[in-house]
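First the structure, in the form of structure tokens, and then the observations on it.
The values are calculated or read from the model by the stated rules, or taken from the named source; none is laboratory data. Every value quoted in this text rests on a predicted model; they were computed, and no experiment measured them. Heads up, the Cβs are rebuilt from the backbone with ideal geometry, glycines too, and the neighbour counts pull from every protein chain shown.
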Number of protein chains: 2
Amino acid sequence: MWLKYIVNTYSFMTEHEMNTEQKILDAAKEVFQQKGMTGARMQEIADKAGINKALLHYYYRTKDKLFEKVFELAFSLFIPKVKEMMISDKPVFEKIEFFVENYLNLLQKHPYIPGFVISELNRNPEILVKIIGKNIQLKENNLLEKLERQISEEVVKGIIKPISAENLLTNVISLCLFPIVAKPILRGVLFENDEKMYEAFLEQRRDFVKEYIINSIKA
Amino acid sequence: MWLKYIVNTYSFMTEHEMNTEQKILDAAKEVFQQKGMTGARMQEIADKAGINKALLHYYYRTKDKLFEKVFELAFSLFIPKVKEMMISDKPVFEKIEFFVENYLNLLQKHPYIPGFVISELNRNPEILVKIIGKNIQLKENNLLEKLERQISEEVVKGIIKPISAENLLTNVISLCLFPIVAKPILRGVLFENDEKMYEAFLEQRRDFVKEYIINSIKA
DNA sequence: GTCTATACACTGATAGAC
DNA sequence: GTCTATCAGTGTATAGAC
């Protein structure tokens, strides 16, 4: 009865099984992301999924396994856009535009995921080791070297100023993610916890960040 | 020995001489910051403090109260530098230099605090309300308006390019804090989890961030 | 597959001796 | 102030009926 974990596909399951399994995953995602691994309760997940607590353990033997599944799905959601940008043959400016645009859209659809991933990763960095390999590292595909080379070329052509690929990537990701991850702090400090003001601020930053980064490396 | 009482360090004291309340606070700080509010165990805090579990409840009646104390101390540690920068009459470039320099130093001494604060704040944003008033908001002192005015003046003088105070502040804080908060991710993605490489990267960023921000707003 | 009932370890918190 | 002992509640996980 644990066949489905070994097979790692839904193709052998009936529609009924998949529905329950998906309902559990959706509920688990919600509860884990709000309460964290240690704060989440299997009872609450069961309630939210509209099923019995024992059924959770039937599908995902332990809380740990259920959590790992949720974490992996959350984490891998934010990887493809980074890879897609790195792989593309666009010039650097377009890469940045493409990434900021798409990342902020993704962030608007899933605002709680980065905070969730970062929180859990700080408590238990070993999770990353388990799910690595499924989410390719940049080094393995020489994507970082590729970007580095591209930057050098455009520097020679007089298009952009010198900057390491690591620093550029870190800047772009920091400027996109931090205002979402640290929302409660920034909203409090800058806008006296006014949610509407902060949403307007984030909306305004969509174009601002794009232009800011590009201008900052323009030769 | 009277010396130990005027020297602001524990290095001259034996464990028995250190007062119990401080020992508890130190232990609680360590455990809470590593495991989070829901993951922390009173037993572990008691063990780490070298005392009995019942004594925890004697000094801090509940786990919640102990946590709030730890959280407030952690949070307020990172506020003064922001205020100090905003209040000062330095020109914008020097403000940025001062802030980045001092914030990164503070961060090096307490690298796990921002992640802790952000994590707990995302789970329970109401904590901030409880400790506000003790940690002055920027709006209350018109510090944000002051910075905004200063920027306008320097724009007119042709020193810097136009940028809102909120965006500038957000950028500076993001570029300083995010690489620390998201360390496990960036270290994994950029440096294959090589800790030494990442530390070198952070060290290199100390000057880089300063110059990057200043260049980015230079007219 | 889904349920009820339950095992049983652990947690925060208190009572009471010293 | 500090300890031992213990309670009441809650948590994950399992057994077994259907």
Open item on the list: I'd like to check which helices (runs of 4 or more DSSP H) are fully inside the stretch B:1-90 and have at least 3 residues that are more than 16 Å from DNA strand C (Cβ to nearest atom) and either in contact with a Lys or Arg (Cβ under 6 Å, 6 or more places away or on another chain) or at pLDDT below 95 (or both).
Closed with: B:3-6, B:80-87
TODO: Any chance you could count how many residues in the stretch A:186-216 are modelled with pLDDT under 95, facing chain B (nearest Cβ under 7 Å) and assigned to a helix (DSSP H, G or I)?
DONE: 3
Task: Residues satisfying the stated conditions in the stretch A:84-94, i.e. crowded, with 17+ Cβ neighbours inside 10 Å and either within 12 Å of the chain's Cα centre (by Cα) or without any contact (Cβ under 8 Å) to a residue 24 or more places away in the chain (or both) - done: A:MET85
- [ ] Please work out which residue is nearest to A:LYS130 (Cα to Cα), limiting yourself to the stretch A:21-70 and to residues that are within 8 Å of DNA strand D (Cβ to nearest atom) and of a type in the set (Gly, Ala, Ser).
- [x] A:ALA40
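Considering only residues that are more than 14 Å from chain B (Cβ to nearest Cβ) and free of Cβ contacts under 8 Å to residues at least 24 places away in the same chain, which ones fall in the stretch A:103-131?
Answer for the stretch A:103-131, where residues must be more than 14 Å from chain B (Cβ to nearest Cβ) and free of Cβ contacts under 8 Å to residues at least 24 places away in the same chain: A:ASN105, A:GLN108, A:LYS109.
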- [ ] Looking only at the stretch A:157-167, decide whether some residue is outside any loop (DSSP other than H, G, I, E, B), at pLDDT 95 or above, assigned by TED's automatic domain parsing to the domain that holds A:GLU211 and basic (Lys, Arg).
- [x] no
TODO: Of the numbered conditions (1) surrounded by 14 or more Cβ atoms within 10 Å (Cβ to Cβ); (2) part of a loop (DSSP other than H, G, I, E, B); (3) of a type outside the set (A, V, I, L, M); (4) more than 10 Å from chain A (Cβ to nearest Cβ), B:LYS146 fails exactly one; give the number of that condition.
DONE: (2)
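Is it the case that B:VAL92 is touching a strand residue (DSSP E or B) at 6+ places or on another chain (Cβ under 8 Å) and in the same structural domain as B:GLU153 (by TED's automatic domain parsing)? Walk me through how you get there before you give the answer.
Working: touching a strand residue (DSSP E or B) at 6+ places or on another chain (Cβ under 8 Å): yes; in the same structural domain as B:GLU153 (by TED's automatic domain parsing): yes.
Taking the combined requirement at face value, the residue satisfies it.
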